[in-house]
């Protein structure tokens, strides 16, 4: 065989060997990573990827010290520090440092969410976002905070959380001065100042500035309360509300008022309380002029003017404008008086009533009538007294026409017409219409 024939035979043999190999189509990913299973079309791409698993990050940013496995990643990162954002979204005007980030962003405007979670049905614009979401269902929280022990499914969530412990709040609102740890939190907050509430509830019409706030609200209408307290059985629509509630059982009140020493379980309750000391009552009732420190207190008050009392007591039929007032009232029927006065032994159904009573023993009468100089231990007692000076008697007896300044006085008077004498003497059996009459009578027996 000549030299030329040998070369031709070798070429045919090589072509035959190539034909025997599995045919690789263009774009096919035939190179796989043994560590994570990721596939690549080229060996050099696989090699670059494998550097990630080695943990070696040889390229560092001089600006912030962040490390990268590849030089290209460092260059991409450095664009952030340059401040140059050459890629703009035509829909909303948002700018980006990279073309890829712009493309990813544009999916939001398209409204297309092609990636759905098989477990909960949530849809996403990107496959990467779906993968991140699916980690939540796995229950695996591989990233733990060394400060408080809280666990997270993603490293990014841990980093965001760690800013709380740093105490740094670099993003401030120009309108109210409130500071935030994250730029996104500031943006969310600024929507409040705009006054725009674009998200409305179809069931009750209530509007919200954020879509998430609307979703949270809609759970109320569902009636579902999946979060229950192990100690008292009370149920809640949100996990956060349960956690807040559990603080009351712990008895821990880490937030104290510097002016009066009163302690609170929540920082928000302390802030609300401090408004009392400020004396500022910015929320005014248009109907009667009464002022309140909080908008919520004003709303509760306005129910009185509406005349609507949707909460009724099953035992006596008394109706109330607020559910909390009904609960307080029902304690009377229970007969339970768990709060006792150490000085006189008198018992009360509520702690607040005990506190109010204890002022009597202090002897302090800080509320004075400008017209007659009479002093009172409570502001409410002074207001009740001042009605006498006004001469107004809006409560009239339907049987005899006698008028009174207070509803309670009218009720006491009506006992005369009923003939009922509910107060009986244990010693002689004599009955009286009024308690003060019984007490005066009992002095006769003590003198004997």
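Quick notes on this one:
- Given (1) touching a helix residue (DSSP H, G or I) at 6+ places or on another chain (Cβ under 7 Å); (2) more than 30 Å from residue 368 (Cα to Cα); (3) in contact (Cβ under 8 Å) with a residue 12 or more places away in the chain, number of the condition residue 406 does not satisfy: (2)
- Filtering segment 127-146 to residues that are surrounded by 14 or more Cβ atoms within 10 Å (Cβ to Cβ) and either under 30 Å from residue 89 (Cα atoms) or modelled with pLDDT under 85 (or both) leaves 129, 130, 132, 133, 134, 135, 136.
- Residues that are over 22 Å from residue 320 (Cβ atoms) and exposed (fewer than 12 other Cβ atoms within 10 Å of the Cβ), drawn from segment 330-354: 342, 343, 344, 345
- Enumeration of residues in segment 115-128 that are under 26 Å from residue 76 (Cβ atoms) and out of contact with any strand residue (DSSP E or B) (no Cβ under 7 Å at 6 or more places or on another chain): 125, 128
- Residue 162 being over 25 Å from residue 108 (Cβ atoms), at pLDDT 85 or above and assigned to a helix (DSSP H, G or I): yes
- Number of residues in segment 49-75 that are in contact with a helix residue (DSSP H, G or I) (Cβ under 9 Å, 6 or more places away or on another chain) and outside any loop (DSSP other than H, G, I, E, B): the value is 5.
- Lone unmet requirement of (1) at pLDDT 85 or above; (2) on the phi < 0 side of the Ramachandran plot for residue 149: (2)
- Some residue of segment 440-447 being touching a helix residue (DSSP H, G or I) at 6+ places or on another chain (Cβ under 9 Å) and either closer than 24 Å to residue 318 by Cα or not in a loop (DSSP other than H, G, I, E, B) (or both): no
- Of all the listed residues (279, 307), the sole one being more than 23 Å from residue 379 (Cα to Cα), free of Cβ contacts under 8 Å to residues at least 12 places away in the same chain and exposed (fewer than 14 other Cβ atoms within 10 Å of the Cβ) is 307.
- Count - residues of segment 405-424 that are within 17 Å of residue 386 (Cα to Cα) and assigned to a loop (DSSP other than H, G, I, E, B): 2
- Considering 160, 188, 129, 153, the condition of being under 30 Å from residue 38 (Cα atoms) and within 21 Å of the chain's Cα centre (by Cα) is satisfied by 160 alone.
The values are calculated or read from the model by the stated rules, or taken from the named source; none is laboratory data. Fair warning: this is a prediction, and the values are worked out from it, not measured in the lab. As a convention, Cβ positions derive from the backbone with ideal geometry for all residues, glycine included, and neighbour counts pool all protein chains shown.
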